[in-house]
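Taking it in order: structure first as structure tokens, then the write-up.
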Amino acid sequence: GTQHFSQPLIVKMDPRVTSSVADLQAQYDLSAQLYQTRRSLVPIGRIFDHVHQQLSALRERAAGNAAVLSAIDGVSKALTDMGPPRSRPGATPTLFILESVESLFTDIQRVDEAPTAPVREAVKEVQTKLPAFLDRWKMLVDREIPAVNQKLKAAGLPVIKADPAPASSGAESNQDED
């Protein structure tokens, strides 16, 4: 037959950690908040990157059609505006709010102590900016991209698909769904 064995397990704090339970709880709470925010932003980040890739390809195909190029440039500018402030001209746009969340999460997880006041303020700032970003993103996906797609169709060009590109690896995809 099948045998089952059991033994009590006692979990103790690492003796090298000198932070109080309250400090560790504060670290956990802020980490959990950023984790949830990241979960909502990762799919947007994938769409952001996918749209940018499509715009680059469409720009070449639309050469000579000023109206279509102008529409493509409008969406490109919207993506660039969602990137880091003072980014290098010509740099590939990145989703700054997602980068900020990931960076803050890493900073908090790096040490076993309460988040510093500047980190708490940075998290608060990101959370304050999040609703406006989400509204802007929704406008881009629901209104601006469909308007550009009408011009692309009229010019016989492929439309922009504002859906996520496949995840680059299974591990990343599973991590995002936890």
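The values are calculated or read from the model by the stated rules, or taken from the named source; none is laboratory data. Quick caveat, the model's predicted, so the values are computed rather than measured. Note that we place each Cβ from the backbone using ideal geometry, even for glycine, and neighbour counts take in every protein chain shown. Quick note on the areas: whole protein, heavy atoms, side chains included, nothing else; ligands and nucleic acids left out. Shrake-Rupley method; radii C 1.70, N 1.55, O 1.52, S 1.80 Å.
At a glance:
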{"quantity": "Three semi-axes of the equivalent ellipsoid, the stretch 116-168, Cα gyration tensor, whole Å, largest first", "calculated": "35, 14, 7"}
{"quantity": "The chain: DSSP helices with Cα axial extent of at least 30 Å and average Kyte-Doolittle hydropathy no lower than -1.0", "calculated": "21-61, 117-139"}
{"quantity": "Efficiency of FRET from Cβ geometry, residue 107 and residue 70, R₀ 45 Å, rounded to 0.05", "calculated": "0.65"}
{"quantity": "Trypsin sites (Lys or Arg not before Pro) lying in DSSP loop within the stretch 95-126, provided at most 12 other Cβ fall within 10 Å", "calculated": "110"}
{"quantity": "Extension gain, residue 150 back to residue 11 (0.36 nm per residue minus Cα-Cα distance, nm)", "calculated": "44.0 nm"}
{"quantity": "Loop-resident sites, the stretch 55-149, for GluC sites (Glu not before Pro), counting at most 10 other Cβ within 10 Å (DSSP)", "calculated": "none"}
{"quantity": "Rounded accessible area of residue 10 (nearest 10 Å², 1.4 Å probe)", "calculated": "130"}
{"quantity": "Estimated FRET transfer efficiency (residue 88, residue 4; beta-carbon r; R0 35 Å; 0.05)", "calculated": "0.05"}
{"quantity": "Sites matching trypsin sites (Lys or Arg not before Pro) across the stretch 1-43 that sit in DSSP coil, with at most 16 neighbouring C-beta atoms within 10 Å", "calculated": "12, 16"}
{"quantity": "Kirkwood Rh in Å, taken over the chain so that all alpha-carbon pairs contribute", "calculated": "19.3"}
{"quantity": "The stretch 11-110: projected area of the alpha-carbon convex hull, averaged over directions, in nm²", "calculated": "8.9"}
